[in-house]
Structure formats: structure tokens, C-alpha cells
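Enquirer: Encoded as C-alpha cells, here's the structure I'll be asking about.
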Ligand code: HEM
């Protein structure tokens, strides 16, 4: 069976970053189109209500977590061993980190967009149904948010255990 090298496994962090920045930027462009902007304003964006879920929450997290954080994590995993001479504590954690973050951020974005559009339409046409639908928003976002947070925790643990592991080339012999 063909083996995939450790640094080739990091490519998915960069693919996720490029895809997320693309989605986040298209989202940003669409939300300044006047008809979409006035619809978002009418459902509470950016201060509260369903509009707040679409702008800024969905937009911010796709760009910042999906785009910037995945780029930062992939780059750190590539550079840290080269700068310190240390071996990464765990390649399995690198993989776990990616998938928890990936499902977390895309789940979070999907939840914000689906509930934002759904509740936004109900807010304008049927406020009683909106309150009913909103009961499901909390648990769904909590699951997606926790998945994102697990990604961040794994990242932090892997970096700390790498840095506290066997010494690398950053320390000088006297
Ligand atoms: C475990 C990861 C994360 C979770 C679960 C999470 C969740 C949330 C939630 C629920 C809010 C809404 C607060 C409100 O309703 O006012 C929020 C706001 C925000 N988050 Fe995150 N977040 C996470 C990580 C991040 C990271 C890493 C960044 C940036 C790099 C970020 C950027 C923002 C920004 C800019 C806002 C403010 C949006 C506004 O203006 O209302 N988040 N986040």
C-alpha cells in the first residue's frame, strides 16, 4: 500500500483554508448587494436576531476559523519541527485536529446559515413559528461549536507536548 508522508497530510489544511476564504469572500460580497443587505437589516443583522447569525457570525467564522486558523495550524505543524529540530508529538493528533476543526466550522457555518435564513423568513411572516424553530438552534450550534473547540484543544495539546518533549536544536550546548 502507498504511504502518505507526514507533510503531504498537511495539504488538506491549506485546501480547507483556500476553500473557506473563497466561501467567506463570496459570502461577504453577496451580503453587501443592496437587496440582500436590506433583507439582512430587516431581520436584525448585524446586532441580533436571525440576521446576526448570517452577518457577522457565519461570515466571520468561515473566514477566520475556516480560512485563517486552518492556514495558521497547517503552517505551524510544518514549521515548528523545522525551527526547533523537535519531532511533532503526534501525527495522529494532527489528523484529529483537522477533522474536528473541519466538521466543527462547516457545521457551525451551515447551522448559522440554515437557521438564519429559516428564522429570518419566519420573523417577517410567522413570529410564533420562529420561536418554535429557535429551540433547535442552541443544541445544534453547541454540537458544532464543541467540535470546533475540540480541534483547538487538540492543536494546543499537540503543540505543548511537542515543545515540552525531547530537546531540539534551539538549545545551545555550553
Ligand atoms: C471553538 C471555537 C469557537 C466557537 C465555538 C465560537 C463561537 C462564537 C459565538 C457563539 C459567537 C457569538 C457571540 C454573540 O452572539 O454575540 C462568536 C462571535 C465571534 N467570534 Fe467566534 N467562536 C470560536 C472561535 C473563534 C475564533 C478562533 C475567531 C477568530 C479567529 C472567532 C471570531 C469571532 C468574532 C469576530 C465574533 C464576533 C462577531 C460579532 O461581531 O458579533 N471565533 N463566536
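Enquirer: For residue 150, are the conditions met, namely being over 25 Å from residue 46 (Cα atoms), assigned to a helix (DSSP H, G or I) and more than 12 Å from the ligand (Cβ to nearest atom)? So that I can check it myself, show each step before the final result.
Expert: Working: over 25 Å from residue 46 (Cα atoms): yes; assigned to a helix (DSSP H, G or I): yes; more than 12 Å from the ligand (Cβ to nearest atom): no.
For residue 150, the condition - over 25 Å from residue 46 (Cα atoms), assigned to a helix (DSSP H, G or I) and more than 12 Å from the ligand (Cβ to nearest atom) - is not met.
Enquirer: Mind telling me which of the residues 27, 59, 52 ends up being within 18 Å of the chain's Cα centre (by Cα), over 28 Å from residue 97 (Cβ atoms) and assigned to a helix (DSSP H, G or I)?
Expert: On the way: 27 fails: over 28 Å from residue 97 (Cβ atoms); 59 fails: over 28 Å from residue 97 (Cβ atoms).
Exactly one of 27, 59, 52 is within 18 Å of the chain's Cα centre (by Cα), over 28 Å from residue 97 (Cβ atoms) and assigned to a helix (DSSP H, G or I), namely 52.
Enquirer: Also, I was wondering about something else. Of the residues in segment 77-91, how many are surrounded by fewer than 18 Cβ atoms within 10 Å (Cβ to Cβ) and under 14 Å from residue 8 (Cα atoms)?
Expert: Result for segment 77-91: 3.
Enquirer: Have a look at 5, 20, 45, 38 and point out the one that is under 16 Å from the mean Cα position of the chain (by Cα) and either free of Cβ contacts under 8 Å to residues at least 24 places away in the same chain or surrounded by 20 or more Cβ atoms within 10 Å (Cβ to Cβ) (or both). Let's see the steps before the verdict.
Expert: Numbers: 5 fails: under 16 Å from the mean Cα position of the chain (by Cα); 45 fails: under 16 Å from the mean Cα position of the chain (by Cα); 38 fails: under 16 Å from the mean Cα position of the chain (by Cα).
So the residue among 5, 20, 45, 38 that is under 16 Å from the mean Cα position of the chain (by Cα) and either free of Cβ contacts under 8 Å to residues at least 24 places away in the same chain or surrounded by 20 or more Cβ atoms within 10 Å (Cβ to Cβ) (or both) is 20.
Enquirer: Step by step: first the residues of segment 111-131, then only those that are under 18 Å from the mean Cα position of the chain (by Cα) and away from the ligand (no atom under 14 Å from the Cβ), then the one that is farthest from residue 16 (Cα to Cα). Which residue is that?
Expert: Going through the qualifying residues, I end up with 114.
Throughout, read-outs are computed from the coordinates displayed, never taken from laboratory work. Because the structure is a prediction, the values reported are computed rather than measured. In this analysis, Cβ positions are derived from the backbone assuming ideal geometry, glycine residues included, and neighbour counts consider all displayed protein chains.
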